[in-house]
1. Report in % the part of the accessible area of the chain that belongs to carbon and sulfur, leaving out ligands and nucleic acids; probe 1.4 Å.
2. Does the chain come out rounded, prolate or oblate by the C-alpha gyration tensor, with a ≥ b ≥ c the root eigenvalues, rounded set by a/c under 1.5 and, if not, prolate when a/b is larger than b/c and oblate if not?
3. Please list Arg132, Arg318 in order of solvent-accessible area, largest first, computed with a 1.4 Å probe with all protein chains present.
4. Rolling a 1.4 Å sphere over the protein heavy atoms, what is the accessible area per residue of region 1-74, to the nearest Å²?
5. Consider a paramagnetic label point 7 Å from the Cα of Arg333 along Cα→Cβ; state which residues of region 33-65 have an amide N under 11 Å from it.
6. How much accessible surface does Cys285 have with a 1.4 Å probe, in Å² rounded to 10?
7. Hey, can you rank 274-283, 327-336 by average C-beta count inside 10 Å, highest first?
8. Bin width 10 Å, origin at 0, all Cα-Cα pairs of region 100-237: what percent of pairs per bin?
Amino acid sequence: DVYKRQKLENVVFDENSRPAARKGWSSVTTTPGSGVVKRLFEYYTADGTSEMIGSTDANIYDGLTATATAIEGTLTITDGNIKFVNFNDKVIAFGIGTGGIPAVRTSGNFADVTVASGTAPTSGIGTSAFGRLWGADTDGKTLRYSALLDETRWDSADGGGSVDFSKVWPSGQDDIVAVEEFGGDLVVFGSNNTVILSDGAGSSLGIDPTALYVSDTIPGVGAVSQFAICRAAGDLWVLTPFGVVGLQRELVQKSTPFQNISANVQSGVTGALAGEADPDNITMCYSPYDSLVLIIFPTIDKVFCFDTRAAMEDGTYRASTWNVDLQTAAYSRGNKNFYGALTGTVGEMMNYAGFNDDGADYFFDYESGWLDLGSELNLYLKFVKRMTSFTFVTANVTVTHKVLYDFANNQYQIDKLAQGSGLSEYNAAGASGVVTSVGMTDGVITATSTIVD
């Protein structure tokens, strides 16, 4: 729609709040596995050891920074969208064990959790919080929790237990979609409801499950997937059917209002969500080092990037879209790297670095909205005389300048080579960039450039 022409593609915002080209994705896997990596997870232990593992629709791999090695053991993997969590120096995978029980790994291969008492959860939905595992059953109504620091015991006599959510939902029946910890509470998301469980007595261990009560509910607002939730900028970001919201609690009144984060790109986000047949394919992830949140819609090759350095006055965050075939991504606190996997690349893990996507070029693209120059000039005939842009480049880059008019596809265009100085932005000589002036006279567009140090 030319009347809504506006674009900010393959862009991030730098520390000076300027639009800048995003980094690219470069493979770090020397010997790939098979299948596209659908989930990446950092196995992080108490002594600071960090390891990235990934899952495909047939395997689970470690060694993704060198030689991918299958570690699913005798377990059968049929869906790579696996919820992994760190728990007591082990990594737990929900839903992939025999009969749908969790699987566990310390080193070597994954294997069934040995259930010593009670009944373990049987769905792929769960989390690790307050020293326990919390997982949903396949009925979508039963939430089970393990004994303290023990994934094998689920009976109430051994410290485990369950909550029947068919009696908890505030607005009709619902199914458990995700379970998260936030602000010292347990948050359970349905597809159309959100329930916050608190411990009224308080506990040095965070939460005593026997003292849980419903401290707040949000009827009519739920999550689309447990993979479309992330912690960012001190908040819990959630993709709902209505866009991205932040779960911000007002601690004095104990109210839990949602802050709509994606209001400025709402139609784009909800449109991308409608294009994903399986919401579990979506990834929402946060990189504190790069100060950004990505929402990845792999089926339609759409990525939304939110800059988290500061919220705008209305509580939303600046956003751009990325043109990249990204399947999923995850941040590693062990080495502060941001890793991803591409939909068209089999068995490999990518690092967010460089300025091409596995060898393929991409374009930084900015198109402003239509400019009428103000109501006081509406009665005058207007045309472009000059437009000036400042572009910082370290290498030679061709910049395409376009001018459109009459709210239509009438367009003038000129390409200009921006010659980089090869210097870093802040060096002994100061900033280095290219000032390009574009003018149009009698339908002819011209451009001149000057390198500024």
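1. 50
2. Since a/c reaches 1.5 and a/b is larger than b/c, the shape of the chain is classed as prolate.
3. So, going from the largest accessible area down, we get Arg318, Arg132.
4. 46
5. 44-46, 48
6. Rounded to the nearest 10, that gives 10 Å².
7. 327-336, 274-283
8. 12, 43, 36, 9, 0
The values are calculated or read from the model by the stated rules, or taken from the named source; none is laboratory data. Note that the structure is predicted; figures quoted are calculated from it, not measured. Cβ coordinates were reconstructed from backbone atoms using ideal geometry, including for glycine residues, and neighbour counts include every protein chain displayed. All accessible areas refer to the heavy atoms of the entire protein, side chains included, with ligands and DNA or RNA removed. Shrake-Rupley method; radii C 1.70, N 1.55, O 1.52, S 1.80 Å.
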